[in-house]
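Remarks on the structure that follows.
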Amino acid sequence: MNNSNRKKLFIVRRESGGIGGAEKVAHRFVKAFSKHFDTELIHAGKSINGMRIQGTKGPSWLRCLRFAKSTRKFLKKQEGALVLSMERGVPGTIYRAGDGVHLVWQKYKYSNGLRKTLNPMNIILPSLEKISVEKSQFVVANSKLIQNQLHIHYPEIPEDKFSVIYNGYDTTIFRQVKEQEKSELRQKWNISNDNLNLLFSGSGWDRKGLSLVFEIASKLSTRGLAVKVWIGGRGNKEEYKSIALKLGITTKVEFLGPLENIQELYQTCDYMILPTKYDAFSNSCLEALSCGCRVITTNQNGASELINESNGLAIDYHESNYCEKAADHLASYSKNKSTFDSRDYENFYGEDREINQYFKLLNLA
């Protein structure tokens, strides 16, 4: 079909080339919505219709401001176009609040009030977020957690403007494999069946809670369990090697770096562990579950809404005995290492379901 006969849809995300979940979602949206619309991604540094979108230079707070202002200016001229914004400060037909509510994140991030005050982002991002929430036609949260937080922080906004659309995933990549394939993958990665294999996947290791994963592994090791922690993603490797050394688990951790084929680890490890301080909805948890890998995470992660007794454990991040509870759960699992069936995840959480829900909202505009 000729794109000139189709309605224009702009997907907005400031960073386009990163390995973060939101950046991957943006590219996935462009591909999926191209079946229905003339779809284009707007990101910092892009030249489009003779205009260059700003937001590639300067400190992070200035990049956010420049990108939002530049993109709003561009979109103002695009009469009749639909906009699915994934960025604070850029309102659209739909604003997808996939980064959560910044004022909530501040509470989890800062124990020191002075540090919070000195960071310009803590003034700028709530202001930009307010623009997106108030001026967009629809606001989509990717979990009930975030929907509730939006209601609390924007009480003046009518409730029917908000809706929840859970993240989707590529069902052709993230899938449960049979025992033969699982065995072959374990040989490929040198993963021992004798170990309790724990996977941590994500960047931003402080927020995602890698140090807590190490504490859990240390407790399991102290109990005499053979444990191995596989770490995918980008972070300060030397800092966390130091933590592992202090806990006496240096030989029990493996840093893998960013991975293109992370699904193979989901398909082979026993558990994905993500004790995150705050996540609107961690896609890595959904991807792990869809591959038959159980998940331990926090109630501060929107993806915890998918966790039940059969597929993992969700614990409040602030519980003082978080690591002890997680270790107890894993020790109990290690006695039989039973599997769970994730075939229904495709129907409930697959990409087609997600895209159809967004498509319905866009058609209401």
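The values are calculated or read from the model by the stated rules, or taken from the named source; none is laboratory data. The model shown is predicted, which means the values in this text are computed figures rather than measured ones. Glycine also receives a Cβ, built like all others from the backbone with ideal geometry; neighbour counts cover every protein chain displayed.
The table that follows gives values for the structure above.
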item	result
Residue among ASN336, ASN321, ASN308 that alone is polar (S, T, N, Q), under 26 Å from THR172 (Cβ atoms) and without any contact (Cβ under 8 Å) to a residue 24 or more places away in the chain	ASN308
Qualifying residue in region 2-14 (condition: among the hydroxyl-bearing types (Ser, Thr, Tyr) and at pLDDT below 90)	yes
Check on ILE131, more than 27 Å from TYR349 (Cα to Cα) and either at pLDDT below 95 or surrounded by 16 or more Cβ atoms within 10 Å (Cβ to Cβ) (or both)	yes
Every residue from region 149-190 that is of a type in the set (Gly, Ala, Ser) and farther than 15 Å from GLY302 by Cβ	SER183
Count of residues meeting criterion [surrounded by fewer than 15 Cβ atoms within 10 Å (Cβ to Cβ) and under 13 Å from ARG13 (Cα atoms)] in region 44-62	0
Any hit, region 300-308, residues being buried (at least 16 other Cβ atoms within 10 Å of the Cβ), under 13 Å from LEU212 (Cβ atoms) and of a type in the set (Ser, Thr, Tyr)	no
Test result for GLN187, among the polar types (S, T, N, Q) and not in a loop (DSSP other than H, G, I, E, B)	yes
Count of residues meeting criterion [out of contact with any Asp or Glu (no Cβ under 8 Å at 6 or more places or on another chain), hydrophobic (A, V, I, L, M, F, W, C) and part of a loop (DSSP other than H, G, I, E, B)] in region 243-272	3
Among residues of region 206-242, those that are in contact with a Leu (Cβ under 8 Å, 6 or more places away or on another chain) and in a helix (DSSP H, G or I), counted	9
Region 273-293 - residue that is among the aliphatic types (A, V, I, L, M) and in a helix (DSSP H, G or I) and, of those, nearest to the chain's Cα centre (by Cα)	LEU286
Any hit, region 136-155, residues being in the same structural domain as TYR333 (by TED's automatic domain parsing), within 23 Å of GLU23 (Cα to Cα) and among the hydroxyl-bearing types (Ser, Thr, Tyr)	no
Residue check, GLU287 touching a residue at least 24 places away in the same chain (Cβ under 8 Å), farther than 20 Å from TRP189 by Cα and outside the structural domain of LYS31 (by TED's automatic domain parsing)	no
Residues of region 153-163 satisfying the condition of being farther than 18 Å from HIS102 by Cα and part of a strand (DSSP E or B)	SER163
Residue match in region 346-360 (condition: modelled with pLDDT under 95 and part of a loop (DSSP other than H, G, I, E, B))	yes
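To keep it simple, each residue is scored yes or no on (1) in contact (Cβ under 8 Å) with a residue 24 or more places away in the chain; (2) out of contact with any helix residue (DSSP H, G or I) (no Cβ under 8 Å at 6 or more places or on another chain); (3) surrounded by 14 or more Cβ atoms within 10 Å (Cβ to Cβ).
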| site | (1), (2), (3) |
| --- | --- |
| GLN187 | no, yes, no |
| ILE191 | yes, no, yes |
| ASN197 | yes, yes, yes |
| PHE214 | yes, no, yes |
| SER221 | yes, no, yes |
| ALA226 | yes, yes, no |
| ILE231 | yes, no, yes |
| TYR240 | yes, no, yes |
| VAL253 | yes, no, yes |
